[in-house]
Amino acid sequence: MTSSSTRRVRVVEVEPVADRIKRFRFVDVSGEKLPTFSGGSHVVVTMRAPDGHLWRNPYSLMGSPADASSYQISVCRADDSRGGSDYMHDNVRVGSELDVTNPINLFSIARKARKHLLIAGGIGITPFMSMMHELAAANANFELHYKVRSQTRGAFCNDLVRQYGSRVHTYRSDAGHALPLGTLLRDQPVGTHLYVCGPQAMIDWALESGRAAGWPHENLHSEHFSAPRPGSPFTVKLARSECEIQVGPQQSILEALEQNGIDPPSLCRGGACGQCETRVLARTGALQHNDHYLTEEEKLGGEKIMICVSRTAGNCLTLDL
Amino acid sequence: MLVSDIKSRPIYPGLEPDLYALSNLIVCDRAGAEAVSDMMRRADARFAERSAILICAEDFDQWKAIDEAIQGFKPAVATTFPSLNDTILELDALLGGAKMGVCVYAAGSEPLIGSVVQTAMRHHIDHRSVRTEHRGSLKRRVQCVHCKALTENVTTNPVKCSGCGLMLLVRDHYSRRFAAFQGVCIDAEVPGEIPEQKAEFL
């Protein structure tokens, strides 16, 4: 990411929508229109604490893609927050200013599909909010299947049912509802696409069930915004910049570099897009690849690393940066 | 493998059985039938039971004689059709009521593969989901960029357009929507200056 691709926005509305979930609406500080976006897009929000701590988290845009006057995101306070979602909940209020990137879409609608099957879990509902605006406007055939822990954790359930009627199916874990994925997968017309966003276990379950039901890879889409997996601290040496930076146990390499004012290319911050692929020049210990981008051969090869999610088990890593 | 520096030129990776597919729709001609047999040998024992095979027999001496090797695998259905057109009509009918879980395969000449991919796309199947293998003749279907007529079974370059009669340079530039290579007038600059016809696509 480069600083030129971000813009300053001001929060104009904060609404608690469910237990631990807040919706934020913001506008460009200059009053200009924001760029239009496509359903499924996200922005990366930069948060700066008074002590200089910096977080950058991706959040899906939830509003209508046709509305360029403001953007909306929803933030779930993470049970094991590394600080970002706590900061959004505790420090960001109407009038606060934030930096956001232009919209990025790594979870776009397959526009040639006959039908769209949307599978959401918890806060994973957010990318589908803008998608459904777009699908409904195009009169496309879609169904939402939305799993929530409880009524109080289920953001937007009532709004969604009001807006999209029988196309919305909700399931509550506390009431023992199960999402009937097997039945759904067996009974779709050819040309149906499945999209899943939610906890990692739900994504894995949906993708594996889809393949097991004979769905081709091309029809299975997923997006996950999980925090980079923690590990032991280590030193990263930047060969070209000739400097050394400490990576903390809860921090990704990318975050440690950004904290120190270094801005390597990155996009999704979830190990999916490939933008932050970096050459490894030397290392101690094994690489811990947590991405979905490199092939198995590349991971075993140990010459490349996705610095947004992956790390090393050793104490030192030298990168071509 | 057929290669070109024109990006639209299709690449056919070779048939691999999708062992997860609940049913298989396989389309081939006589040369392609060998690729289908090779795939069947690599698949599990029940793969044939889940498979319907549509055989385009326009290049068969006796079109009802189904390739013996294919019959030996005992597929759920194996039907021969006298022309590519009839074969594609049947594929279209089968895809009309199809559910997710079906996998489409095409093996043989490029016009056959192209027509199968085109038909699958009409049923909203991603072109990358159709598993393909080229076997046999290099013949091409060519669309004239001037009059839009399709010329079938082209084996020479240049070729005379079946519609407007222009001599066309057959390019590697391919249209998935039309399932055809593009042909452009070869003597536009100097009318009558037509290079010797060569049998490039036998």
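The values are calculated or read from the model by the stated rules, or taken from the named source; none is laboratory data. Computed from a prediction, not measured in an experiment: that's the story for all the values here. Here the Cβ positions follow ideal geometry from the backbone for every residue, glycine too, while neighbour counts run over all protein chains shown.
Structure above, values below:
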| item | result |
| --- | --- |
| Sole exception among (1) touching a residue at least 24 places away in the same chain (Cβ under 8 Å); (2) within 17 Å of A:Lys22 (Cα to Cα); (3) acidic (Asp, Glu) for A:Asp99, by number | (2) |
| Segment B:130-146 - residue that is assigned to a loop (DSSP other than H, G, I, E, B) and of a type in the set (D, E, K, R) and, of those, farthest from the other protein chains (Cβ to nearest Cβ) | B:Lys139 |
| Among residues of segment A:46-71, those that are in contact with a helix residue (DSSP H, G or I) (Cβ under 8 Å, 6 or more places away or on another chain) and either under 23 Å from A:Gly122 (Cα atoms) or surrounded by fewer than 19 Cβ atoms within 10 Å (Cβ to Cβ) (or both), counted | 14 |
| Matching residues, segment A:157-199, being part of a helix (DSSP H, G or I), β-branched (Val, Ile, Thr) and more than 14 Å from chain B (Cβ to nearest Cβ) | A:Val161 |
| Qualifying residue in segment B:30-41 (condition: surrounded by fewer than 21 Cβ atoms within 10 Å (Cβ to Cβ), modelled with pLDDT under 95 and touching a Lys or Arg at 6+ places or on another chain (Cβ under 7 Å)) | yes |
| Enumerated helices (runs of 4 or more DSSP H) restricted to segment B:53-129, each holding at least 2 residues that are closer than 11 Å to B:Cys28 by Cα, touching a residue at least 12 places away in the same chain (Cβ under 8 Å) and more than 14 Å from chain A (Cβ to nearest Cβ) | B:84-96, B:110-122 |
| Yes/no for A:Glu32 being surrounded by fewer than 17 Cβ atoms within 10 Å (Cβ to Cβ) and farther than 27 Å from A:Gly198 by Cα | yes |
| Filtered residue count, segment B:21-52, keeping only those that are in a loop (DSSP other than H, G, I, E, B) and either touching a residue at least 24 places away in the same chain (Cβ under 8 Å) or more than 14 Å from chain A (Cβ to nearest Cβ) (or both) | 7 |
| Residues within segment A:18-53 that are in a strand (DSSP E or B) and modelled with pLDDT under 90, tallied | 2 |
| Extreme residue, nearest to A:His116 (Cα to Cα), among residues of segment A:205-249 that are more than 14 Å from chain B (Cβ to nearest Cβ) and of a type in the set (Phe, Trp, Tyr) | A:Trp205 |
| Among (1) part of a strand (DSSP E or B); (2) within 19 Å of A:Asp320 (Cα to Cα), the one test that A:His221 misses | (2) |
| Count of residues meeting criterion [surrounded by fewer than 22 Cβ atoms within 10 Å (Cβ to Cβ) and aliphatic (A, V, I, L, M)] in segment A:288-318 | 3 |
| From A:Val75, A:Val29, A:Val11, A:Val17, residue being in contact (Cβ under 8 Å) with a residue 12 or more places away in the chain and either charged (D, E, K, R) or touching a Leu at 6+ places or on another chain (Cβ under 8 Å) (or both) | A:Val11 |
| Search result, residues across segment B:147-200 that are in contact with a helix residue (DSSP H, G or I) (Cβ under 9 Å, 6 or more places away or on another chain), assigned to a loop (DSSP other than H, G, I, E, B) and either of a type in the set (Phe, Trp, Tyr) or surrounded by 15 or more Cβ atoms within 10 Å (Cβ to Cβ) (or both) | B:Phe178, B:Ala179 |
| Criterion: touching a residue at least 12 places away in the same chain (Cβ under 8 Å), farther than 16 Å from A:Phe107 by Cα, touching a Phe, Trp or Tyr at 6+ places or on another chain (Cβ under 6 Å) and not hydrophobic (A, V, I, L, M, F, W, C) - qualifying residue of A:Thr152, A:Thr170 | A:Thr170 |
| Matching residues in segment B:107-165 - criterion: being farther than 21 Å from A:Glu218 by Cβ and hydrophobic (A, V, I, L, M, F, W, C) | B:Leu112, B:Leu138, B:Val142, B:Cys144, B:Val145, B:Cys147, B:Ala149, B:Leu150, B:Val154, B:Val159, B:Cys161, B:Cys164 |
